[in-house]
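The values are calculated or read from the model by the stated rules, or taken from the named source; none is laboratory data. Given the structure is predicted, the values throughout are model-derived calculations rather than measurements. We place every Cβ from the backbone using ideal geometry, glycine too, and count neighbours over all the protein chains shown.
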Amino acid sequence: MMRLGQLFGSTFRQWLEYFGFKYGKATVAVPPHNTSQNCSNCGEKVFKSLSTRTHVCPHCGYVEDRDINAAINILKKGLSTVGHTGTHAWGEIPSGLVGYVLPS
């Protein structure tokens, strides 16, 4: 049985891929693990509860909103796959590209 979060996550990803395709933008799925825990400045893991909204790194002193820190980490993960054709974070073909022949 599919969990509700998986259903919405899948639908959200399909919409992102659809609009990326429609507007000619690349979409890259990245694993979300530790994106809000890792410091986007130095890479060290900074454990925090969900109620902690500000990322404060004791290792390098970097201070940022938790969501912005996570967004920077997600962007870095996505950009690290640029140029790696056929790389998909979850191992499957993006749903918006099923049936399309991708140029190499």
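Computed quantities for the displayed model
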read-out	value
Condition met for Asn69 (assigned to a helix (DSSP H, G or I), at pLDDT 95 or above and out of contact with any Leu (no Cβ under 8 Å at 6 or more places or on another chain))	yes
Selection from region 51-66 of residues that are part of a loop (DSSP other than H, G, I, E, B) and closer than 16 Å to Asn34 by Cβ	Thr52, Cys57, His59, Tyr62
When residues of region 1-24 are limited to those that are loosely packed, with under 10 Cβ neighbours inside 10 Å and under 29 Å from His55 (Cβ atoms), the one modelled with the highest pLDDT	Arg3
